[in-house]
Each structure stands twice: as C-alpha cells, then as structure tokens.
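Presented below is the structure to which this report refers.
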Amino acid sequence: MDPITTAIMAALTLGVNAVEKKVFVDAYETLKNLIKKKFGMQSKLVQAVEDLEAKPDSSARKEMLKEEVATAKADQDPDLRNAAETLLKQISTQSGGEQHIQNAIGSYIAQAERGSTANVNVTHSQER
C-alpha cells in the first residue's frame, strides 16, 4: 500500500484529535493541507480523506482513499510522500503507535510480519 494511504489510515486509527499528541496532529494536518493545496479543496482525494475521517473503521472508505490516491498519482509526489513518511515516523513514536497495516486480496491468503502469525481457515458449505 502507498505511504499516503497508510499514513492517513494509521493516523485515524490512532486518533488525530488527542491534545497530548500535538506533533502527531501537526504532521497529520500538514499532510492533509498539502493534499488540499495540490489537488484542490473539492477534489475527490480530499473528499475521500474527509469521508474516512467521518468513518475511520469503514473498509469501503479505506479502499476509496486508496483508489483516489492511485488515481491522482498522489503517491508519486515527493512532497506528499515526505509528509506521509514524517507522519508515519510521528505515529511510531506514540504509545501503541507503531502499527502495520496490510491488505490482502484474493483467496486463501495470510500475511504475517515481524514475528506475528497469520491463519487461513477455509470452510466449505455442504451442497444440497
């Protein structure tokens, strides 16, 4: 997944409104404002960010953000990549902040990283 989508999703998972996390909040706002500046306040990418902010647990909204980042080629912009990487660094310094987000699409896929485990359970319904 691109660093911009990853940074936004991780920030929303951690919570960008905590007062004690001012540096983290500033890094998130910097990324968001840079997206607005480069793509316009009314862009689909900005709308996707705002929609995900409203419902951070929505899988569909996460996928929409990922799609809009790819469509706008925002992940290829060095300024946005730098801002996203700065945000991810800030997130990793927060307690519980280092998170690894993985997406897998397909059949019978399990992903594990850094000593974690993953399982795939397959059940077949009986045909009648």
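We did not get these values from a lab; they are worked out from the coordinates using the rules stated. These figures come from a predicted structure and were not determined experimentally. So basically every Cβ, Gly included, is an ideal-geometry build from the backbone, and we count neighbours across all protein chains shown.
Note on S58/K36: beta-carbon distance plugged into 1/(1 + (r/R0)^6) with R0 of 30 Å gives a FRET efficiency of 0.90. For the stretch 66-96, the list of trypsin sites (Lys or Arg not before Pro) that fall in a loop by DSSP and count at most 13 other C-beta atoms within 10 angstrom reads K73. In this label model, K89 and K44 are separated by 3.3 nm, measuring between points 7 Å along each Cα→Cβ vector. What are the chymotrypsin sites (Phe, Trp or Tyr not before Pro) within the stretch 17-96 that DSSP puts in a loop, where the Cβ has at most 16 other Cβ atoms within 10 Å? Passing sites in the stretch 17-96 do not exist. Close amide-amide hydrogen proximity is noted between S58 and no other residue 5 or more places distant or on a separate chain, at a cut-off under 5 Å (H modeled in the peptide plane; Pro and chain starts excluded). Cross-link pairs exceeding 19 Å between alpha carbons, from the set K32/K62; K32/K55; K38/K89: K38/K89.
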